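So the structure is just underneath, and the comments pick up after that.
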Amino acid sequence: MQRAIFAGGCFWCMVQPFDEQPGIYSVVSGYTGGHVKNPTYEQVCSHTTGHTEAVEIIFDPEVISYDQLVQIYWQQTDPTDAMGQFQDRGDNYRPVIFYLNDEQKEIAEKSKRELQESGRFSQPIVTKIEPAQPFYPAEDYHQDYYKTHPDNFSRNHARRAAFLKEKW
C-alpha cells in the first residue's frame with residue numbers, strides 16, 4: 001500500500017471521488033501543512049494553525065496508480081483558485097498536492113504542466129505542490145460525511161458539482 005495526500009477545499013467533498021475507486025483502501029479527512037500538533041476543526045477554521053483541510057488516501061498501486069489519483073484530484077478542484085475552493089474560502093481550503101517522495105513530486109509537477117498547457121483553463125494553474133507534512137485525522141463526525149449526512153453534503157457540494165460538470 002502507498003499513501004497520497006491532497007487538499008482541494010472542504011475535505012467532505014474530496015472523499016467520495018476517491019472512496020469509490022477500485023484499489024483504494026481508505027480515505028481519511030484531516031489536516032496537514034500547519035504548525036500545531038493535533039489541531040481541532042475549530043483551531044483550523046480560526047486560520048491560526050497554518051493547516052489545510054486534506055484527505056489522506058491509502059491505495060494499492062497495483063490496482064490504481066498515483067498518476068491516476070492525481071488525474072482524479074484535478075477533476076475535483078478549481079486549480080485556478082489559490083485561496084479556497086468554491087464556497088469555501090481561506091488558506092485552510094487552498095488546493096495543494098502534498099507529495100511523499102520524489103516520484104510523486106515528478107508526477108504531480110508533470111501533470112500540472114500538462115493541465116496548464118492543455119488550454120482547459122484560461123487562467124494559470126495555481127495549485128501548489130508541496131512536501132507532505134504530518135497528517136492529523138479530523139474528528140470522527142467529519143469522516144465519510146457524504147455517507148452520514150447526505151442532504152447537507154449535497155447542499156454543500158452543489159456549487160462544486162456545477163463547476164466540475166462545466167469544466168470536466
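The values are calculated or read from the model by the stated rules, or taken from the named source; none is laboratory data. The model shown is predicted, which means the values in this text are computed figures rather than measured ones. Methodologically, a virtual Cβ is constructed for each residue, glycine included, from the backbone with ideal geometry; neighbour enumeration extends over all protein chains shown. Only protein heavy atoms, including side chains, enter the accessible area calculation; ligands, DNA and RNA are left aside. Shrake-Rupley method; radii C 1.70, N 1.55, O 1.52, S 1.80 Å.
Have a look at Phe11, Pro61, Asn92 and report the one farthest towards the positive end of the charge dipole of the chain, computed about the Cα centre with Cβ charges (Lys/Arg +1, Asp/Glu -1).
Result: Asn92.
Which of the three applies to segment 55-141, rounded, prolate or oblate, going by the alpha-carbon gyration tensor with a ≥ b ≥ c and a/c under 1.5 meaning rounded?
Because a/c hits 1.5 or more and a/b fails to exceed b/c, segment 55-141 counts as oblate.
May I ask you to rank Arg94, Arg113, Arg3 by accessible area, largest first, using a 1.4 Å probe over the protein chains only?
The ranking, largest first, comes out as Arg113, Arg3, Arg94.
Per residue of segment 145-158, what does 6.51 cos²θ - 1.76 cosθ + 1.60 with θ = phi - 60° give for ³J(HN,Hα)? Whole Hz please, x for Gly and Pro, Karplus curve as stated.
My calculation for segment 145-158 gives 4, 5, 8, 7, 9, x, 5, 5, 4, 4, 5, 6, 8, 4 Hz in order.
Obtain the nm distance between the two label points defined at Asp67 and Asp151 by a simple spin-label model: each point lies 7 Å from its Cα along the Cα-to-C-beta direction.
Inter-label distance under the simple model: 4.5 nm.
In the chain, if the dipole is taken from +1 on Lys/Arg beta carbons and -1 on Asp/Glu beta carbons about the Cα centre, which of Gln116, Tyr145, Gln21 is farthest to the positive end?
My answer, from the dipole projection, is Gln116.
Which residues' amide hydrogens lie under 5 Å from the amide hydrogen of Ser26, considering only partners 5 or more residues apart or on another chain, with H built in the peptide plane?
Amide H neighbours of Ser26: Ile58.
Looking at segment 22-147, send over the antiparallel percent of its DSSP beta bridges, to the nearest 5.
75
Could you let me know the centre-to-centre spacing of segment 66-94 and segment 111-135, using Cα atoms, in angstrom?
9
Can you tell me what percent of all Cα-Cα pairs in the chain are more than 27 Å apart?
The proportion of pairs with Cα distances above 27 Å equals 18 percent.
Through the Karplus equation 6.51 cos²θ - 1.76 cosθ + 1.60, θ set to phi - 60°, convert the phi angles of segment 52-66 into ³J(HN,Hα) values in whole Hz; use x for Gly and Pro.
Each residue of segment 52-66 in turn: 10, 5, 8, 10, 9, 10, 9, 9, 9, x, 6, 10, 9, 8, 4 Hz.
Let me spell out the model: positive unit charges on the Cβ of Lys and Arg, negative unit charges on the Cβ of Asp and Glu, origin at the Cα centre of the chain. What dipole size does that give, in debye rounded to 20?
Details: 16 positive and 24 negative charges, 102 e Å.
Computed charge dipole of the chain: roughly 480 debye.
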